[in-house]
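Participant: Attaching a single structure in structure tokens format; questions to follow.
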Ligand SMILES: *Cc1c(COP(=O)(O)O)cnc(C)c1O
């Protein structure tokens with residue numbers, strides 16, 4: 001006997017009302033049902049039971065971390081029923097599923113998301129308050145899941161959340177890194193890295209599933225054998241094996257019954273690992289060596305937009321891909337006898353080329369293990385795969401030495417050679433007298449060291465190739481993959497990135513969410529386009545006054561963090577000028593720094609500058625020298641400017657260890673969003689969307705999604721400056737040195753001279769010469785060329801900010817017009833146009849409440 005279950009606090013439209021605490025339907029839920037019950041008494045009991053039985057603590061002696069784990073387990077219990085029901089429904093209905101393969105998932109914290117997804121945050125807040133516990137303090141205990149570097153990993157997290165909220169059958173696959181993105185500490189003004197021990201005290205969200213472990217081979221040789229029917233097949237005899245153990249994390253839809261799975265693979269030694277040593281009697285050293293295979297999932301490579309080409313990285317990629325493809329094929333074969341419908345049931349999205357080896361792996365499994373013909377296997381493979389490109393930067397495009405491939409993945413190399421042979425034949429047929437084209441399009445790059453171009457493999461093996469913003473997708477088609485676009489124009493499209501409004505508005509900015517709800521109701525949380533209903537309010541002085549009051553409170557909250565962590569007071573009347581993103585030369589934190597120096601020198605001359613707090617958050621890849629030097633420069637400038645009592649208007653706050661949970665605190669307090677990459681180099685950006693959604697105005701270049709944000713919010717509500725992508729290309733081709741702008745612009749010259757003089761580094765006057773030399777010489781990121789336009793645009797910012805009402809009206813228009821930058825819109829496009837999957841609502845069944 002079952003009954004249809006309505007999420008107790010979820011209205012039929014799926015939106016969770018913000019603000020007031022709701023009383024969940026108590027009648028059908030027994031108080032003693034403390035594993036699933038949503039009534040306050042059940043929630044209270046669930047929490048106290050987990051403190052006592054899961055943490056083995058008296059309520060009085062429980063630590064803050066115990067309380068976090070206990071609450072998380074109580075919440076997880078409530079997800080489990082939906083989770084099983086979701087998976088059962090997908091299985092029974094045999095729906096097509098989309099699998100998102102990504103080497104990175106930058107999830108951040110989960111407790112608040114899950115409380116809100118279930119609609120019990122307010123209830124739990126009240127329940128805990130009665131117990132004398134502050135929910136916000138409990139949530140602060142959670143360590144970020146930092147299994148990613150930046151935008152690419154965070155996109156993967158937003159996409160999974162949106163899929164669950166849209167009730168789409170999907171699953172993520174990745175690596176359970178034991179150490180995520182390093183922890184950044186600042187010592188003497190420089191970045192120092194610490195290991196991110198995020199699992200040290202346990203992770204309450206994951207469930208280990210050793211029964212689904214997968215064996216992955218590496219190395220060895222291949223052998224051609226004749227099968228029973230006289231045909232040939234290839235056997236791969238790997239030299240060694242590693243075990244992949246899955247850990248599942250629930251991804252809950254907001255206000256829906258859907259709970260999808262993120263399955264992350266951890267490497268374990270395989271039992272046959274060097275068992276020769278066991279036989280030789282050297283038991284202890286054999287066991288010691290077993291640990292060697294576990295290094296595969298030990299640590300996330302900390303490079304953003306940069307390919308380091310290390311063997312262990314290739315091992316990581318193949319490891320999680322092989323496990324995932326095995327899992328996907330196994331699940332398909334549970335309900336199908338042959339592979340003719342594989343592409344109807346399975347969509348596999350490649351988040352950049354990191355998992356692109358999946359194309360060769362699926363071919364290997366279908367041809368070698370399931371005896372499909374090459375042609376049958378290839379049709380299903382291309383139907384299944386889609387590839388998302390994330391960058392045009394040459395240093396970020398993955399290339400592996402053929403020799404390394406041959407040693408690590410000999411069978412895959414053969415398969416890639418066959419794919420390439422057929423590709424080049426197709427190219428020759430389509431473009432008969434064009435030798436250069438075949439050479440350019442080959443998966444193999446010829447040269448002193450032959451290389452495998454992973455992007456070419458991804459394009460050839462996918463029916464869909466997309467960029468992540470309009471400009472980026474245009475450049476993908478016109479430059480990076482121009483030849484492929486000539487051959488298969490129908491495969492290419494754009495899918496502009498988005499961010500989940502649950503985390504990046506509803507959760508991180510409760511004050512603003514309440515204001516929006518008071519004006520247009522709560523449905524914007526799952527239907528962000530509804531923010532457009534706010535437009536009439538932008539001419540309502542009381543709305544704008546409330547908006548200003550909220551921004552001020554958010555700025556006060558951030559000011560307390562600055563005081564606590566950096567030790568100085570800030571003026572909340574100052575412009576909170578925010579640049580938070582990975583430190584990379586193309587993102588041009590240097591341009592911001594030069595502007596700070598210029599403003600400082602203006603103030604020293606007695607010119608009026610409006611008070612500003614420059615907020616930075618940025619990790620540099622540990623091996624990226626120039627990026628680390630830029631962090632030192634920002635700190636050196638800060639130590640002079642912050643301590644100069646004659647220039648009290650300017651302050652610089654570099655908040656260490658930028659990560660998702662820190663972003664959630666900075667973004668609601670931002671007045672100005674710095675999106676100042678060299679045009680053509682930022683594929684999309686997503687930080688730009690988060691900040692606009694929270695009422696920051698953007699100062700930005702013609703790059704990535706900036707262009708679309710500006711179109712959406714209106715040119716008069718956006719501070720555009722700088723060269724276009726075309727102009728950038730022309731300038732770089734002409735080789736205009738930075739010195740040209742230096743000679744032409746006295747203010748720029750003074751700022752550069754000041755840095756070069758050692759003023760900011762008296763103990764080491766030449767410390768920043770490598771930066772100055774790059775700027776005056778090649779200036780590869782055109783910092784010098786764009787300086788004047790940037791400084792002038794900043795002047796306009798200052799003038800606009802002084803007009804309080806006018807500024808808040810622009811902020812309100814930004815909020816009202818960013819509805820399309822929800823990852824719900826992005827995911828809908830992937831679902832309809834690439835994956836062709838359909839909504840599959842989960843009807844929750846709950847046991848009849850017995851004899852009631
Ligand atoms: C959104 C986000 C990013 C991406 O920021 P961009 O400005 O788009 O580069 C990077 N890191 C974290 C922690 C984020 O939340």
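The values are calculated or read from the model by the stated rules, or taken from the named source; none is laboratory data. Bear in mind the structure is a predicted one, so any value in this text is a computation, not a measurement. No Cβ is skipped: glycine too gets one built from the backbone with ideal geometry, and neighbour counts run over all protein chains shown.
Participant: Quick one: is residue 513 part of a strand (DSSP E or B) and either at pLDDT 95 or above or on the phi > 0 side of the Ramachandran plot (or both)?
Facilitator: no
Participant: Can you tell me which residue among 578, 597, 609 is part of a loop (DSSP other than H, G, I, E, B) and either in contact with a helix residue (DSSP H, G or I) (Cβ under 9 Å, 6 or more places away or on another chain) or within 18 Å of residue 796 (Cα to Cα) (or both)?
Facilitator: Testing whether each residue is part of a loop (DSSP other than H, G, I, E, B) and either in contact with a helix residue (DSSP H, G or I) (Cβ under 9 Å, 6 or more places away or on another chain) or within 18 Å of residue 796 (Cα to Cα) (or both) leaves just 609.
Participant: Can you pull out the residues in the range 627-673 that are in contact with a helix residue (DSSP H, G or I) (Cβ under 6 Å, 6 or more places away or on another chain), outside any helix (DSSP H, G or I) and within 11 Å of the ligand (Cβ to nearest atom)?
Facilitator: The answer is 673, and nothing else.
Participant: Looking at the range 32-54 only, could you name the residues that are in contact with a helix residue (DSSP H, G or I) (Cβ under 7 Å, 6 or more places away or on another chain), at pLDDT 95 or above and surrounded by fewer than 19 Cβ atoms within 10 Å (Cβ to Cβ)?
Facilitator: Result: 54, single match.
Participant: What tally of residues in the range 131-154 results from selecting those that are within 16 Å of the ligand (Cβ to nearest atom) and under 25 Å from residue 202 (Cα atoms)?
Facilitator: 11
Participant: Same structure, new question: Enumerate the pairs (first residue in the range 662-685 and free of Cβ contacts under 8 Å to residues at least 40 places away in the same chain; second residue anywhere and within 9 Å of the ligand (Cβ to nearest atom)) with beta-carbon separation below 7 Å, excluding pairs fewer than 6 apart on the same chain, so at least 6 apart or on different chains.
Facilitator: Cβ pairs passing all conditions: 675/685; 675/688.
Participant: Please determine, by comparing only the residues of the range 681-722 that are within 10 Å of the ligand (Cβ to nearest atom) and on the phi > 0 side of the Ramachandran plot, which one is surrounded by the most Cβ atoms within 10 Å (Cβ to Cβ).
Facilitator: Once the filter is applied, the top-ranked residue is 704.
Participant: Quick check on the range 482-514: of everything there that is in contact with a strand residue (DSSP E or B) (Cβ under 8 Å, 6 or more places away or on another chain) and in contact (Cβ under 8 Å) with a residue 40 or more places away in the chain, which residue is nearest to residue 666 (Cα to Cα)?
Facilitator: Checking each candidate, the answer is 503.
Participant: Now for a different question. Inspect all residues belonging to the range 500-512 and state whether any of them is away from the ligand (no atom under 16 Å from the Cβ) and buried (at least 19 other Cβ atoms within 10 Å of the Cβ).
Facilitator: Checked against the condition, which is being away from the ligand (no atom under 16 Å from the Cβ) and buried (at least 19 other Cβ atoms within 10 Å of the Cβ), the range 500-512 yields at least one hit.
Participant: OK, next. With the requirement that a residue be more than 26 Å from the chain's Cα centre (by Cα) and touching a residue at least 60 places away in the same chain (Cβ under 8 Å), what does the range 572-584 give you?
Facilitator: 574, 575
Participant: Let me confirm something: among 729, 798, 750, which residue is part of a helix (DSSP H, G or I), in contact (Cβ under 8 Å) with a residue 40 or more places away in the chain and under 23 Å from residue 636 (Cα atoms)?
Facilitator: One residue alone meets the criteria, 750.
Participant: For the list (1) in a helix (DSSP H, G or I); (2) at pLDDT 95 or above; (3) in contact with a helix residue (DSSP H, G or I) (Cβ under 9 Å, 6 or more places away or on another chain), I need the number of the one condition that residue 234 fails.
Facilitator: Unmet for residue 234, out of (1) in a helix (DSSP H, G or I); (2) at pLDDT 95 or above; (3) in contact with a helix residue (DSSP H, G or I) (Cβ under 9 Å, 6 or more places away or on another chain): (1).
Participant: Mind checking which pairs have a first residue in the range 102-113 that is closer than 19 Å to residue 134 by Cβ and a second that is part of a helix (DSSP H, G or I) and within 12 Å of the ligand (Cβ to nearest atom), Cβ under 7 Å, 6 or more apart or different chains?
Facilitator: Close Cβ pairs (under 7 Å, with a partner that is part of a helix (DSSP H, G or I) and within 12 Å of the ligand (Cβ to nearest atom)) amount to 109/661; 113/503.
Participant: Check residue 159 against each of (1) within 15 Å of the ligand (Cβ to nearest atom); (2) closer than 28 Å to residue 194 by Cβ and name the one condition it does not meet.
Facilitator: All conditions are met except number (2).
Participant: When you scan the range 456-464, do you find a residue that is surrounded by fewer than 20 Cβ atoms within 10 Å (Cβ to Cβ) and over 26 Å from residue 682 (Cβ atoms), even just one?
Facilitator: Yes, the range 456-464 contains at least one residue that is surrounded by fewer than 20 Cβ atoms within 10 Å (Cβ to Cβ) and over 26 Å from residue 682 (Cβ atoms).
Participant: Does residue 543 qualify as being outside any helix (DSSP H, G or I), away from the ligand (no atom under 16 Å from the Cβ) and either in contact (Cβ under 8 Å) with a residue 60 or more places away in the chain or within 30 Å of the chain's Cα centre (by Cα) (or both)?
Facilitator: Considered against the rule, which asks whether it is outside any helix (DSSP H, G or I), away from the ligand (no atom under 16 Å from the Cβ) and either in contact (Cβ under 8 Å) with a residue 60 or more places away in the chain or within 30 Å of the chain's Cα centre (by Cα) (or both), residue 543 comes out as no.
Participant: Sticking with this one: Could you tell me whether the range 63-77 includes any residue that is closer than 30 Å to residue 335 by Cα and surrounded by fewer than 24 Cβ atoms within 10 Å (Cβ to Cβ)?
Facilitator: Yes, the range 63-77 contains at least one residue that is closer than 30 Å to residue 335 by Cα and surrounded by fewer than 24 Cβ atoms within 10 Å (Cβ to Cβ).
Participant: Of the residues 176, 187, only one is more than 16 Å from the ligand (Cβ to nearest atom), modelled with pLDDT of 95 or more and in contact with a strand residue (DSSP E or B) (Cβ under 7 Å, 6 or more places away or on another chain); which?
Facilitator: From the options 176, 187, the qualifying one is 176.
Participant: Okay, moving on. Considering only the range 251-276, state which residues are modelled with pLDDT of 95 or more and part of a helix (DSSP H, G or I).
Facilitator: none
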